[in-house]
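Single-structure report; data block below.
The values are calculated or read from the model by the stated rules, or taken from the named source; none is laboratory data. These numbers were taken from a predicted model, which means no experiment stands behind them. Methodologically, a virtual Cβ is constructed for each residue, glycine included, from the backbone with ideal geometry; neighbour enumeration extends over all protein chains shown.
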Amino acid sequence: MLPSAHALLDMEALTHNLALLRRRAPHSKIMAVIKANAYGHGAIPVALALTDADAFAVARVDEGVSLREAGIHQRIAVLQGFISTVELALHSRFDLEPVIHSALQVDILEAAALDKPVSVWLKLDSGMHRLGFGVKEFSAYRTRLSLCHSVRQPPFLITHLANADELEDNATQCQLDLFSDQVAGLPNERSIANSAGLLAWENSLAEWVRPGIALYGASPFPNRTAAEDGLRPVMTLRTRLIAIKHLKAGDAVGYGGDWVCSRPTRMGVAAIGYGDGYPRHASPDTPVLVGGQRVPLIGRVSMDMITVDLTECCQAKVGDAVTLWGEGLPVEEIARHAQTIPYVLLCNVTPRVKRVVRG
Ligand SMILES: *Cc1c(COP(=O)(O)O)cnc(C)c1O
């Protein structure tokens, strides 16, 4: 019997996507971004499957420690780095590579007495204005790091693009120009591109690229699907039909009763809801696959269940597989119906949803 809400993980799709991204950036090493539990897929299974990645990136030091404890041996960058001596010591002990973005971090590094130095990624704020040193201070901090005995030389140089998903936006070219000004002539390895940079901005490719969302087979672009770039979905979110009911015209369905049958309706109940990470704001026409056929969501999403219109899907029966997104139903499409982005849908899949590695 098909289990209740579960996320099927297609690790062949994952390695296919990595190989495809490698072909798109043939001269770059790939740092696979697996923060936030690998965008909801499971950081450890994903890291174990990506044997071909040159490095990984996580947001926080504890995410890096968990990967080391699971036996991951590749390089691991920590995008937020540390804000205390204790956290710096964890980087050194577990061979994690902090991003250095603030004066506080440089002070901590200079005052530290580490058993072994750390490799670091020095971050320029080239226009996103979130983390990183501004252009006026960047080279001074680069000099300080180059003299710091706690730092393995030479530091890597990194920046992050704020608008790379907008192909018409000239902010990206401004960021690229600013970064290349700051690093001109330096021998240090560099990293700029996220998924959107890798796929759309050829001059953002450097020694290192940092794809996240594209690895999971979802698009970073608002008006494009990952399939158009040849990427395959890694996660297929599935559940099963648990009830079918015959309603008459005028019957209201679900909380608030805001969806009212306009005709006699064969309604199905599927065992998934916002308690699993299915978006509560999915609009009433959001597509759902029942036995391979698209049917519309009706009524409000509740915590453990959704309701769908099976009137045009007469062969559907209790126990049938229901797909919410993934193979056959792009997550980009569901994101549009829920007025959000694929990143949010993938990250929000809750721990109750069992991750099942396919095959
Ligand atoms: C999350 C993140 C990435 C990956 O972004 P995607 O859009 O998922 O490819 C790359 N670099 C940094 C600094 C990030 O925070």
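Numbers at a glance
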quantity	calculated
Strands (runs of 3 or more DSSP E) contained entirely in segment 77-181, each with at least 2 residues that are aliphatic (A, V, I, L, M), within 16 Å of the ligand (Cβ to nearest atom) and in the same structural domain as residue 202 (by TED's automatic domain parsing)	96-100, 156-158
Any hit, segment 189-211, residues being farther than 23 Å from residue 331 by Cβ, in a loop (DSSP other than H, G, I, E, B) and more than 16 Å from the ligand (Cβ to nearest atom)	no
Any chance residue 275 is buried (at least 18 other Cβ atoms within 10 Å of the Cβ) and modelled with pLDDT of 95 or more	no
Yes/no for residue 63 being of a type in the set (Asp, Glu) and surrounded by fewer than 19 Cβ atoms within 10 Å (Cβ to Cβ)	no
Subset of segment 121-161 (residues that are over 17 Å from residue 206 (Cα atoms) and aliphatic (A, V, I, L, M))	128, 131, 135, 140, 145, 147, 151
Residues located in segment 316-359, provided they are small (Gly, Ala, Ser) and part of a helix (DSSP H, G or I)	335
Of the criteria (1) at pLDDT below 95; (2) surrounded by 15 or more Cβ atoms within 10 Å (Cβ to Cβ), which one residue 257 fails	(2)
Yes/no for residue 97 being modelled with pLDDT under 95 and either closer than 24 Å to residue 210 by Cα or of a type in the set (Gly, Ala, Ser) (or both)	no
Any hit, segment 63-71, residues being within 13 Å of the ligand (Cβ to nearest atom), under 24 Å from residue 93 (Cβ atoms) and out of contact with any Cys (no Cβ under 8 Å at 6 or more places or on another chain)	yes
Segment 182-211 residues that are basic (Lys, Arg), paired with ones that are in a loop (DSSP other than H, G, I, E, B) and within 13 Å of the ligand (Cβ to nearest atom) (beta carbon under 9 Å, 6 or more apart)	190/159; 190/206; 210/79; 210/160; 210/192; 210/193; 210/194
Unique match (being under 16 Å from residue 128 (Cβ atoms) and surrounded by fewer than 22 Cβ atoms within 10 Å (Cβ to Cβ)) among 207, 166, 189, 202	166
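Yes/no matrix, rows are residues, columns are (1) surrounded by fewer than 24 Cβ atoms within 10 Å (Cβ to Cβ); (2) part of a helix (DSSP H, G or I); (3) in contact (Cβ under 8 Å) with a residue 12 or more places away in the chain:
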| residue | (1), (2), (3) |
| --- | --- |
| 219 | no, no, yes |
| 228 | yes, yes, no |
| 242 | yes, no, yes |
| 245 | yes, no, yes |
